[in-house]
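Encoded as structure tokens, the structure appears first; notes follow it.
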Amino acid sequence: MPPRHYWINTSGCQMNERDSETIAAICEGLGMRACASAEQADVAILNTCAVREKPVQKVYSKLGELARLKRARPEMLIVVAGCVAQIAGDELCRRHADLLVGPRCYDQLEEALVSLQERRDGCVSLRDGKRPMGEGLPVRRASRLTAFVNVNYGCNNFCAYCIVPYARGPEQSRQPEAILAEIEGAVAEGCREVTLLGQNVNSYGHDLERDLDFPTLLEMVDAVEGVDRVRFTTSHPKDLTDRLIEAMAHLPSVCEHLHLPMQAGADGVLEAMGRGYTYEHFRSLVERAREAVPRLAVTTDVMVGFPGESEQEFEETLRAFEELQFDQAFMFKYNDRPGTRAEKIEPKVPEAEKQRRLVKLVALQNDIGREKNRRSLGESFEVLVEEPDHRSPGHVRGRTRTNKLMIFPGGPELIGQLLTVRAEEAYLWGFIGRR
Ligand code: SAH
Ligand code: SF4
Ligand code: F3S
């Protein structure tokens, strides 16, 4: 029999990217090969994100395209994985998915794929995850040089607007041995940079029987031979401790980058969101981290138009952005998510008003980000060279420890090296440099 082909389309956060590396490895383990488009796929997989309305709508439109392909090739399998599979359930089956697999159920995927190859009997739904999850599953990493490694799964915070706890389930920390073994495995294959993943890495260890917290885990990861750089995301401000700031300041491999989602600048909005901190507390965390870690880059997530957000409260977000001078921000319009507390909060901010606020905030942050990079002109940065820059021949690209993109002249022989590069041109997205 000729090899069968799988195709994966991934949306959402780095956790989904990491999960897709496991899904790919499971498919390869069944003798399948990756292919570049759904047209050639025997198994077409959408790994999906439910955090906002738009990615969910995209799932439905992609599912429509796959269903059309399936009409011509009824033997094709359509798999919906990830957060939408967990939340939307039956609706996806009605739209011609053959298999749903939620983010806690990848340990059941191989068996389901095997039995679906033998027999189709309606839509199969894998959404009841068992504990412990995630251990022992294979991985086929998208990059040899950098690795995503989960430290905790799920989330217990239930911020008022957020669907993630419903999609990913309760928080569960991995045992440190499993985390370190995964990192050692990646290093043995050439990895130099590790990004530790969790919806809230700062609560790592709370649910473990032994006394272990995230700063201690960082120490353990820093000590792994061959790990040159350690990143982590996401840090919840309410659980960020001085110990974490100290660890960032003292552990040589931990990069000078803190992603700290602010979400809003007004205390009333933060309170309604259930974030557990005030703007003043958030500001003091950023200040302390910047004092302790020279050249620290701080990035954030923020939302405009949370239900009840007044014009004045939105202006507090603008002022916070002016004051805190983030290196980069992921900026969103609030979206109602089904079943969340915020869905029931009134009054909603009208769509046009949310759009106006977003445009204003984005314009402000673009000026700030560009200006920040401009101020770094002439400085030298350590860059991990990751790949050729496809848009400018004769150039390669990589990231600084502060997580900025650097493009500079060089050939593929530089890939995998840590080099010092001087920033010569500054843009919103990063730098063009020279060695
Ligand atoms: N665990 C991370 C966030 C994960 S979701 C944290 O606690 O910060 C990524 C981002 O999506 C969030 O930071 C938030 O800014 C945004 N987001 C989440 N729910 C949203 C919603 N209902 N509408 C708009 N943006 C949302
Ligand atoms: Fe969502 Fe809040 Fe959990 Fe982040 S901490 S995933 S925003 S509920
Ligand atoms: Fe999206 Fe699920 Fe990540 S909802 S942001 S893919 S945890």
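Here, each number is a calculation from the coordinates, and none is a lab measurement. Only a predicted model underlies this, so the values are computations on that prediction, with no experimental measurement involved. Every residue, glycine as well, gets a Cβ built from its backbone with ideal geometry; the counts of neighbours run over all protein chains shown.
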Report, ordered by chain and residue number, the lysines lying within cross-link reach of Lys62, taken as a straight Cα distance under 26 Å and ignoring same-chain residues fewer than 8 apart.
-> Lys54, Lys70, Lys333
Nearest-5 percent of antiparallel DSSP beta bridges in the chain?
-> 35
Ranked from fewest to most other Cβ atoms within 10 Å of their own Cβ, Thr340, Thr420, Thr400, Thr48 fall in the order Thr420, Thr340, Thr400, Thr48
The answer for trypsin sites (Lys or Arg not before Pro) in the stretch 344-428 that fall in a DSSP coil and have at most 15 neighbouring Cβ atoms within 10 Å is Arg391
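Select from the stretch 23-84 those GluC sites (Glu not before Pro) which occupy a DSSP coil region and have at most 16 other Cβ atoms within 10 Å, ordered by residue number. The partial results should precede the final answer.
On the way: sites: Glu28, Glu39, Glu53, Glu65, Glu75; in loops: Glu75.
Passing sites in the stretch 23-84 are Glu75.
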Return the percentage of antiparallel bridges among DSSP beta bridges fully within the stretch 146-374, rounded to the nearest 5 %.
-> 10
Per the Kirkwood definition applied to all pairs of different Cα atoms, how many angstroms is the hydrodynamic radius of the chain?
-> 23.1
